[in-house]
Amino acid sequence: MTITRIDPEHRMSEAVVHNNTVYYTSVPENLDDDAQAQTANALATIDKILTRVDSDKSRILDATIFLVNKEDFPAMNQAWDAWVSPGNAPVRCTVQAGLMNPRYKVEIKIIAAL
């Protein structure tokens, strides 16, 4: 079976496609914003990569959200609820985590069908 690496670099690839499934992790680019805005930004980036591989958010199977501060859970959910495809919500897990970039408030890992 073919493995397609999207924008591979030495340390990591932007995304990986295998067996009609895409694997991707999104981080926000707006690092001075609050958790809601960072989440919305990371979700918009997910939309872009899914479009690039001919998929969309209605085909997300699984999402893991890494949140630095549990107090940001309602703000993150506000952005998520405004974005998630109605009737197509994936399995989702949110964990509190210390992220490597101290300015990240959120990081989102998804697995989606093509």
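Nothing in this text is a laboratory measurement; each read-out follows from the coordinates by a stated rule. None of these values were measured; they are calculated from a predicted model. Counting neighbours? That spans all protein chains shown, and the Cβs are built from the backbone with ideal geometry, glycine included.
Descriptive notes on the structure:
- Estimated inter-spin distance, Asp32 and Val91, nm [label 7 Å along Cα→Cβ]: 4.0
- Calculated FRET value between Glu9 and Ile111, using beta carbons and R₀ = 22 Å, to 0.05: 0.60
- Relative contact order [Cα under 8 Å, 6+ residues apart], the chain, whole percent: 35
- Label assignment, P(r) over Cα pairs in 10 Å bins from 0, in percent derived from the structure, set [x] 13, 43, 31, 11, 2, 0; [y] 12, 39, 37, 11, 1; [z] 14, 47, 32, 6, 0: [z]
- Listed residues Met12, Met76, Met100, most fluctuating in the chain (Gaussian network, C-alpha, under 10 Å): Met100
- Under a Gaussian network description of the chain, with springs only between Cα atoms under 10 Å, the residue in Thr25, Thr39, Thr94 that fluctuates furthest is Thr94.
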